[in-house]
Amino acid sequence: NGKTENRLVGFVSSFDFLPREETGTLVSLGDLEDSETARRILGQTVKDIMTRDPVTVTTNDMMKTAAEVMAKHRLHALPVIDAKRGNLVGIITAKDVMRDVMRTAKHCLPAENNFSQDMADIVAP
């Protein structure tokens, strides 16, 4: 029909650049020469390293859904798709979700000085 399709085909994050073992385990960057790592990264195309058909949320989804999807799939960022047009409109990150949680918590939780436990009492040694 001559119309260009604007659909999300992949997603690239900083994690896609990190070297991995054949098992998928991240390699410590201290184990490789920096120049070797840089050459490897710069020699690839976006198509080579992108996550194909990434998990997404839509503009109609609640922040709770985004948080659940991120937790379920162990993601740090999610592409956001326009619910009506189907095109990419943005990215939501774990930081965005945490900011929303904290904003909501301020209205729902008692003041800090009303909590009975210090963080040191909660965190295991």
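The values are calculated or read from the model by the stated rules, or taken from the named source; none is laboratory data. It should be emphasised that the depicted structure is a prediction, and the values quoted were computed from it without experimental measurement. Ideal geometry is used to build each Cβ from the backbone, glycine not excepted, and the neighbour counts take in all protein chains shown. Surface accessibility is based on the protein's heavy atoms, side chains included, excluding ligands, DNA and RNA. Shrake-Rupley method; radii C 1.70, N 1.55, O 1.52, S 1.80 Å.
Compared with the alpha-carbon gap, the fully stretched path from K84 to V101 is longer by 3.5 nm at 0.36 nm per residue. Amide hydrogen proximity for I92: with H placed 1.01 Å from N in the peptide plane, the residues at 5 or more positions away or on another chain lying under 5 Å are L78, V80. Straight Cα distances below 17 angstrom link K106 to the lysines K64, K95, with same-chain residues fewer than 8 positions distant left out.
With all projection directions averaged, the alpha carbon convex hull of the range 61-106 covers 3.3 nm². Approximating the spin labels as points 7 Å out from Cα along Cα→Cβ, the A94-to-R52 distance works out to 2.7 nm. Using the Karplus relation 6.51 cos²θ - 1.76 cosθ + 1.60 with θ = phi - 60°, the per-residue 3J(HN,Hα) values for the range 79-86 come to x, 10, 9, 4, 5, 8, 8, x Hz, with x marking Gly and Pro. Remark on G86: its backbone amide H falls under 5 Å from none of the residues 5 or more positions apart or on other chains, H modelled at 1.01 Å from N.
The heavy atoms of K64 offer some 140 square angstrom of accessible surface to a 1.4 angstrom probe.
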